[in-house]
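Asker: My structure is below; once you've seen it, I'll send some questions.
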Amino acid sequence: MQKNKKAWLVVPFMLLALTACNKDDGAKTPEEEGTATEEETSAESDAFVSEAGKFSIVFPGEPVESSQAIPTAAGDIMMYMYMYEEGVTQAFMVSYSDYPADLVAASDSKTLLDGGKEGQLGALGTAPVLDKDEYIKMGEFDGTYMKAYGDGLYTVSKTVLAGNRLYQLLVMKDGSYPTQEEEDSFLGSFEITE
């Protein structure tokens with residue numbers, strides 16, 4: 001997978017949905033809570049567990065963790081990412097970002113999730129094709145499920161808004177969609193733990 005095609009992975013899909021807002025919601029970052037590096041792979045299962053991210057998921061291999069401050073109209077928003085690359089043609093990713101609570105409260109989840117969808121489509125090049133787009137529920141939380149492709153990249157993703165935390169799950173492959181088994185074993189294994 002070419003580096004320039006993967007570069008969009010570090011851009012949160014919801015940036016298009018953010019409006020000008022520079023208020024601090026008072027929430028502590030995972031580093032401030034002392035839980036930033038408490039990720040582990042459970043010995044009882046194959047699930048990767050992020051205590052700081054409050055989720056678990058089954059990666060096909062050991063993910064690499066990274067984080068990045070994303071400048072937005074609402075101020076810098078930290079995005080925490082976990083990615084496993086299978087060769088040079090396929091990647092599995094989970095990311096999460098905490099958005100200002102007042103920003104999320106001032107909008108409805110459908111509007112915010114639609115902004116995420118538009119951001120993801122825009123990252124797929126000049127003529128992306130949206131094959132599947134539906135609203136989903138993950139427990140009590142709203143989300144989206146999407147299949148799209150553009151510029152040779154095929155993505156299957158779920159985006160979930162849990163309070164003011166946005167989770168983005170993605171399987172990306174060059175040349176074709178991931179298999180149903182790859183999709184189900186990764187996206188289907190995601191759980192919010194708190």
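The values are calculated or read from the model by the stated rules, or taken from the named source; none is laboratory data. Model, not experiment: these values are computed from the prediction. Here Cβ is always computed from backbone atoms with ideal geometry, including for glycine, and neighbour counts include all displayed protein chains. The area values use the complete protein model at the heavy-atom level, side chains included, leaving out ligands, DNA and RNA. Shrake-Rupley method; radii C 1.70, N 1.55, O 1.52, S 1.80 Å.
Asker: Projected area of segment 44-106, taken from the Cα convex hull and averaged over every viewing direction, in nm²?
Answerer: About 5.7 nm², averaged over all directions.
Asker: Continuing with this model, one more query. With a 1.4 Å probe and all protein chains kept in place, how do 141, 190 rank by accessible area, largest first?
Answerer: Largest accessible area first, the list is 141, 190.
Asker: Just grab the label-to-label distance for residue 65 and residue 176, each label 7 Å out from Cα along the Cβ direction, in nm (one decimal).
Answerer: The answer from the label model is 3.5 nm.
Asker: Any idea of the accessible area per residue across segment 93-186, 1.4 Å probe, to the nearest Å²?
Answerer: Per-residue accessible area for segment 93-186 comes out at 40 Å².
Asker: Kindly sort 185, 50 by accessible area of their heavy atoms, largest first, with the probe set to 1.4 Å.
Answerer: 185, 50
Asker: At a 1.4 Å probe radius, which order do 57, 136 fall into by accessible area, largest first?
Answerer: Descending accessible area places them as 136, 57.
Asker: Assuming a ≥ b ≥ c are the square roots of the Cα gyration tensor eigenvalues, decide whether segment 107-185 counts as rounded (a/c under 1.5), prolate (otherwise, with a/b larger than b/c) or oblate.
Answerer: Oblate shape, in that a/c is at least 1.5 and b/c is the bigger or equal ratio.
Asker: When the accessible area of segment 72-159 is computed with all protein chains present and a 1.4 Å probe, what percentage of it is carbon and sulfur?
Answerer: 52
Asker: Residue 54: accessible area at probe 1.4 Å, nearest 10 Å²?
Answerer: Looks like 70 Å² after rounding.
Asker: So, one more: Using 19 Å as the Cα-Cα cut-off, could you pick out the over-long pairs in 110/137; 110/132; 137/173; 54/110; 54/173; 54/132?
Answerer: Exceeds cut-off: 137/173; 54/110; 54/173; 54/132.
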